[in-house]
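Contents: one structure, followed by commentary.
None of the figures in this text is laboratory data; all of them are computed from the coordinates on show. In this text the structure is predicted, and so the values were computed from the model without any measurement. Positions of Cβ are generated from backbone atoms using ideal geometry, with glycine treated the same way; all protein chains shown enter the neighbour counts.
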Amino acid sequence: MHLLQSLFIIEDSDTLLNNSIDESVFKRNSTHIYIDIGCFDGETVEHFIYFTPNSILYDIITFEPDPINYQLCKKKLKQKQFENYSITIIPKVVWLRNEKVPFLINHGENSRIQLTEIVDAQNVVMLNGIDFSSWLSRLVKSENTRLHIKVSMPGSEVPVLRKLLIEDKLLLAERWDVQWTDRYNPRIRALRIYIQSMMDSIGFSCDHYTRIPDVRDVYRKKGTFEHIVKYADWRLIPEADTYCYYIQRPTVTDPPRTTRLKLKSKKDKE
């Protein structure tokens with residue numbers, strides 16, 4: 001049974017957002033962590049718990065800044081079936097800096113960071129953003145931490161992953177489930193391809209792609225992860241609800257788990 005059998009809800013006040021969130025997650029010294037960026041209605045957390053062996057061992061941290069989605073996520077994850085899991089729901093925007101971020105709300109799973117002008121300006125509000133790279137560095141206290149991160153932040157996964165790459169933080173996680181959006185956007189396509197190639201270069205393999213409708217279908221039928229359709233070429237499947245599963249190759253998971261330290265260690269041996 002999990003040592004932290006509760007659902008932590010961070011309420012929407014600036015004081016709690018700025019002070020309580022970090023302290024509530026940093027004090028746990030967790031060895032198994034699942035982070036869901038873009039929780040929406042909690043479905044992907046539900047799937048993680050169901051399909052992951054020994055999921056009860058994981059501290060689950062979710063980010064969902066859209067107020068409506070946040071309530072949906074909270075409602076689902078407060079159900080009795082999740083009462084023995086340690087789940088923290090944080091209504092902050094995963095971002096590059098600790099600052100206010102313009103965010104398009106009331107668009108369901110398509111709610112997003114909105115840095116450009118749009119017609120639907122009445123639904124753009126300023127929400128609290130978090131420097132995710134810095135936050136993640138504080139969260140992972142041991143090289144033995146098993147960290148699994150799912151990323152669903154339409155249009156903003158590229159800059160966030162870019163910063164994690166630059167600051168040498170991608171290897172803190174053993175696994176990344178990334179929803180690559182705006183696939184053919186010429187403004188970010190080159191950078192996205194660069195990040196994908198660098199993930200391979202530093203030791204991640206793109207194992208396969210899955211689609212949420214397929215996962216949902218297997219979940220409803222009470223199947224196993226092996227029953228989910230796996231795709232090898234994302235060009236043959238729609239962009240929406242498609243995730244790429246990146247897994248660290250075994251040689252990379254040996255400590256120290258950062259590229260900078262690994263390069264330094266290699267140089268020291270010469």
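Worth pointing out:
- The slack in the chain from Val140 to Thr251, taken as 0.36 nm per residue of separation less the alpha-carbon distance, amounts to 38.0 nm.
- Each part reduced to its alpha carbon centroid, the range 206-254 and the range 156-198 end up 18 Å apart.
- Legend: ranking of residues Trp95, Trp180 from fewest to most surrounding C-beta atoms inside 10 Å; resulting order Trp180, Trp95.
- Ranked by how many other beta carbons lie within 10 Å on average, peptides 231-240, 186-195 from highest: 186-195, 231-240
- A Förster radius of 41 Å combined with the Cβ-Cβ distance from Arg97 to Arg220 puts the calculated FRET efficiency at roughly 0.55.
- Built amide H within the under 5 Å cut-off of Ile90, gap 5+: Thr62, Phe63, Glu64
- P(r) histogram, all alpha-carbon pairs of the range 84-237 included - 5 Å bins from 0, percent: 2, 7, 14, 19, 19, 17, 14, 7, 1, 0
- The H on the amide N of Lys100, modeled in the peptide plane, is under 5 Å from the matching H of Gly129, each at least 5 residues off or on a different chain.
- Distant-in-sequence amide H partners of Ile35 (H built 1.01 Å from N, under 5 Å): Ile61, His148, Ile149, Lys150
- The range 28-39 - phi-based ³J(HN,Hα) in whole Hz, Karplus 6.51/-1.76/1.60, Gly and Pro as x: 8, 6, 6, 9, 10, 9, 10, 10, 10, 8, x, 5
- Placing +1 on each Lys and Arg Cβ and -1 on each Asp and Glu Cβ, with no other charges, gives the range 7-269 a dipole about its Cα centre of roughly 860 debye.
- Taking other C-beta atoms within 10 Å as the exposure proxy, Met199, Met153, Met126 rank Met126, Met199, Met153 from fewest upward.
- Additional length obtainable on full extension of the chain from Asn185 to Thr31, 0.36 nm per residue less Cα span: 51.7 nm
- Fewest-first sequence of Arg175, Arg220 by Cβ atoms within 10 Å of each Cβ: Arg220, Arg175
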